[in-house]
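In what follows, a structure is listed as structure tokens, so that the remarks can point back to it.
The numbers here are math on the coordinates, done by the rules we state, and not lab data. These numbers were taken from a predicted model, which means no experiment stands behind them. Glycine also receives a Cβ, built like all others from the backbone with ideal geometry; neighbour counts cover every protein chain displayed.
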Ligand SMILES: [Zn+2]
């Protein structure tokens, strides 16, 4: 990050020019627009119906559907149970998704079959849908609570997450992001509620109303999945796995595994040889003797542009903390119970993920953070389908349907790096970052090649003397001020952070302007709809596309930024993807 010029990302007129209110006058709409996802879903099925007997949708209807973007601002707040995009599907659409074995819906809902007592992902090859026997659930936990067992063939609990939870800004979306990060395992429902600023019973009620299961049941389903990963991919004793997965006792572990998978933990382990040959598992890492080393596959909804993702991360990699080498991104990470090293390589159909963890209890959080970093829960078809009809972005979106909006593994680190990147080149920001890491970073007890340190913690930088930092005084004060706000808890950038509130707190800090705040919102908070109208790269790309006036002076830039912001209104709710399309366009042009 330390993001800047190469392909844009400079604060240009940035933190002085365009006012925040013009850019975020529509924040209320961010909640409202998530329904576009469901629109796209319906559209996909409508199109799939062409040529079938009885199909009533004509091609021109479909085209009109795309170009008119019907219903994008439907106010989902009025109907909280329907609030989530794809989740707003009715049972008929779910049934259609099951019949067509549409993998895009994996993780969005689950199908339980009453005649077998098994639940599956929509794309399960084993399901022969008999409508009368099917039940639909919004979460694996709800299917489990209704007494169904996970299908051994399609492994429904290993589906990608629902894209809905990254899109939604409301309390259920925030809760789901925190549960996925392991907050309930670490701090209970009480800790979850505290972070959300709600009463426990309110959180339970809201989550149960939408997911069909409460936070505890959802966390339990997640623990069962973590336990299975550890059982199948490590040689750890089962007793250690129970605690690493977050279970409070061996008894609870045994009972849950039996209930969820219909086998005992020992049987699960005995089956792993066969499973590794036939299933979605990678062989154990080479030199598997290393304790705490886990290798898994991360699922995503195709397509994905892994090459550009690695290029983007590699251009910003800070020596000592991260590197990109031979198609693999590696970095250090500080997790709730200790440090770790992650290694990610996009492959055909999955991302190969190796995790070296000091404390295995961090597995759930580590996996989730990798997913956020690579934007693996996204629904690229929905994004591309929407942007494809735009006169400016359409060609870019259609040429690059797997474009993602990279998030980050650590919101605090991303924010601090955003300040380091203000007004300097990407290369200069990397050097600055390396310098800070060497002075203030936490050395790993077991360094791994060039990976030697974790990025400095906010508390450490907050205590640093601004005069000693290798940057202009104003930026040094911005950095220590931001670090102080993060360390004191005044500002939270965890997965459950309230995006509007975080942005308001950021903008009130010295040296943090709209560009920096929006950039943090886009990457630290994984907001799919953040925009950077004053970014030099965005403006250059738009000028080359003939979409905004070119010009270099401050007033010309301000005019262009205003035009860009107006244009971007058409790209809601996917403006973050629009930014990446524009940056990538410049990268290609300048190559
Ligand atoms: Zn299945």
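Assorted remarks:
- Of the three principal axes defined by the Cα atoms of segment 164-278, the extents in descending order read 44, 29, 20 Å.
- Alpha-carbon centroid distance for the pair segment 482-502 / segment 531-566, whole angstrom: 30 Å
- Zero-based 5 Å bins, Cα pair distances in segment 95-245, whole percents: 2, 10, 18, 20, 19, 15, 10, 5, 1
- The value of relative contact order for segment 167-258, using C-alpha pairs under 8 Å at least six residues apart, is 21 percent.
- Distance between the C-alpha centres of segment 183-246 and segment 359-432: 26 Å, rounded to the whole angstrom.
- Entry for segment 433-525 at q = 0.14, 0.18 Å⁻¹: log10 I(q)/I(0) = -0.56, -0.88, Debye formula applied to identical alpha-carbon scatterers, no solvent contribution.
- Cut-off 20 Å (backbone N to label point 7 Å along Cα→Cβ of residue 352), residues of segment 294-312: 294-302, 304-312
- Hydrodynamic radius by Kirkwood, which averages 1/r over all alpha carbon pairs of segment 309-371, in angstrom: 12.1 Å
- Taking every alpha-carbon pair in segment 316-468 and binning the separations at 5 Å intervals from zero gives 2, 9, 15, 19, 18, 15, 11, 6, 4, 2, 0 percent.
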